[in-house]
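Here's the structure we're looking at; comments come further down.
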Amino acid sequence: MAQPGDRRGVAFAAVVVVIAAVGLYLTMWPDSPDQDAAEPAPPSATGTVVATSTPLATASSAPFDVYAYLPMTKEQLAAAADLAERFTAEYGTFRYDEDPAAYAARLKAYTTPELGNTLARTLASAGTVEQNRDDEIVSTATARIKEIRQVEKTSIVFVVTATRQISAKSGDKQANEEYAVTVSQSGSDWRIYDILPAAEGQEGDTSG
């Protein structure tokens, strides 16, 4: 799985530039011509000047297209988010009597070859297989996007919440888990590049 790299500073700087551009746009757009010049503050009953300054950052009725500041279209972003949700749900759905190779094959349909091979080795490990079979674990998951953590030119890191309904000999339960899921662009399509617990985080740039 991908490890955090030296590009975090570059990505952070890019986000700061976008935020600064948005702030400048909003603050430079007055609500009406009458607000171009600030009116003097009226005196109070005691003769003290009362401050009535209008906040610099105010809501504007002007249209603002956030996608114009992103390196992908609205449709591409939606497709990547959908892929992240479907993969995470598939990742959390398995049963003890399923062939680990079949489980890995289901996940490989969503991933890059490198991640697919890594997951196949992990899922087929003796410890994982024996634990699931001994407890007769059956897990069914749903997933939803919680937030966008990072946007790069060719990848996006989503924080995805997975809710798993688990049936086992040790007792049934519900598990809520959060993952940082990196989706990378592959030609005109998207692939899952990495998945880690959300607390660990990861870099979104997969260009090498």
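The values are calculated or read from the model by the stated rules, or taken from the named source; none is laboratory data. Everything numeric in this text was worked out from a predicted model, so none of it was measured. With ideal geometry, Cβ positions are generated from the backbone for all residues, glycine too; neighbour counts draw on all protein chains shown. Surface areas here come from the heavy atoms of the whole protein model, side chains and all, with no ligands, DNA or RNA. Shrake-Rupley method; radii C 1.70, N 1.55, O 1.52, S 1.80 Å.
Screening the range 152-187 for residues that are surrounded by fewer than 19 Cβ atoms within 10 Å (Cβ to Cβ) and under 15 Å from the mean Cα position of the chain (by Cα) and picking the one that is farthest from V129 (Cα to Cα) gives K153.
Within the range 66-85, at least one residue is open to solvent by 90 Å² or more (accessible area, probe 1.4 Å) and among the acidic types (D, E).
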